[in-house]
Amino acid sequence: RLEKVIASGEPDEIELHWMGSNGAVTLYELRAIPEFGPDGEVASVLSIARDVTRLKQVERQLEERERQFRTLAEHSPDSIARYDHDGRFVYVNPAFERLKGVRLDMLVGRTPMDVPGLLDAEFFQRRVEEAVETGRLDEFEYVVQTATRGQSWRLVSIVPEKDAKGDVGFVQVLTRDITALKETEQHLEASRAR
């Protein structure tokens, strides 16, 4: 590597694994920086190493958590949409895509009102904007008319995500189909009335 830095005159960076006498492996990030002489040629190479073992462990832990949360969201039967503070889609899970009939790549960076044919776009855009303004959680039941099932009930939770300063950076909208529960309630009420 040093020869490469000397020949190219460009800095280089590599990771080195060092096994100590106790068997523990330490990971170092090594930067090799060319130093030029008065003639403009590489006269020497400055090497700087830093221990990045803990940093790499934390990165792996974060990647694993991201993988776990992504797996949960992607396999959830509930519809999940995440918006930025300007009300633009940043993520939707497959359940949302199936429910709305719109793919993630058609939504990212757009508000609900920017998506042609998206049902109840104005209503949900307004609710997301309210969550950004107030920072308050909102939960309500919502009735959707579908061509195949008639009325379909949804339990909607709008969850603002606050940063360290308390400002809302993102808003999650979680939607659960509660039609079967509502139909059971209606049957029980009818049974009681009889």
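Please enumerate the residues belonging to region 84-103 that are under 23 Å from Thr179 (Cα atoms) and open to solvent by less than 20 Å² (accessible area, probe 1.4 Å).
So the first thing to find is which residues in region 84-103 are under 23 Å from Thr179 (Cα atoms), and the list is 92-102.
Passing the criteria: Val92, Asn93, Ala95, Phe96, Val102.
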### Task
Hey, can you tell me all the residues within region 55-78 that are touching a Pro at 6+ places or on another chain (Cβ under 9 Å) and open to solvent by 80 Å² or more (accessible area, probe 1.4 Å)?
His75
### Message
Which count do you get for residues in region 53-80 that are in contact with a Leu (Cβ under 7 Å, 6 or more places away or on another chain) and farther than 26 Å from Pro94 by Cβ?
### Response
2
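One residue is enough: does region 125-142 have a residue meeting the conditions modelled with pLDDT of 85 or more, assigned to a strand (DSSP E or B) and farther than 22 Å from Leu99 by Cα? Walk me through it before giving the result.
Restricting attention to region 125-142, the residues satisfying the condition of being modelled with pLDDT of 85 or more are 125-142.
Then drop every residue that is not assigned to a strand (DSSP E or B), which leaves 138-142.
Narrowing the set further to residues that are farther than 22 Å from Leu99 by Cα leaves none.
No, that holds for no residue.
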## Note on the structure
Quick count over region 130-187, residues being open to solvent by less than 40 Å² (accessible area, probe 1.4 Å) and in contact with a helix residue (DSSP H, G or I) (Cβ under 6 Å, 6 or more places away or on another chain), is 5
### Query
Does Ala81 meet the test of being open to solvent by less than 50 Å² (accessible area, probe 1.4 Å) and in a helix (DSSP H, G or I)?
no
### Message
Please go through (1) touching a residue at least 24 places away in the same chain (Cβ under 8 Å); (2) over 16 Å from His85 (Cβ atoms); (3) crowded, with 18+ Cβ neighbours inside 10 Å for Phe124 and return the number of the only condition it doesn't satisfy.
### Response
(2)
### Query
Here are Val52, Val25, Val45: which of them is exposed (fewer than 10 other Cβ atoms within 10 Å of the Cβ) and aliphatic (A, V, I, L, M)?
Val25
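Report, by residue number, each residue of region 12-22 that is out of contact with any helix residue (DSSP H, G or I) (no Cβ under 7 Å at 6 or more places or on another chain) and surrounded by 10 or more Cβ atoms within 10 Å (Cβ to Cβ).
Looking only at region 12-22, we keep the residues that are out of contact with any helix residue (DSSP H, G or I) (no Cβ under 7 Å at 6 or more places or on another chain), and these are 13-22.
Once the filter is applied, which keeps residues that are out of contact with any helix residue (DSSP H, G or I) (no Cβ under 7 Å at 6 or more places or on another chain) and surrounded by 10 or more Cβ atoms within 10 Å (Cβ to Cβ), region 12-22 yields Glu13, Ile14, Glu15, Leu16, Trp18.
The values are calculated or read from the model by the stated rules, or taken from the named source; none is laboratory data. These figures come from a predicted structure and were not determined experimentally. Every residue, glycine among them, receives a Cβ derived from its backbone with ideal geometry; neighbour counts consider all protein chains shown. SASA here: full protein model, heavy atoms, side chains in, ligands and nucleic acids out. Shrake-Rupley method; radii C 1.70, N 1.55, O 1.52, S 1.80 Å.
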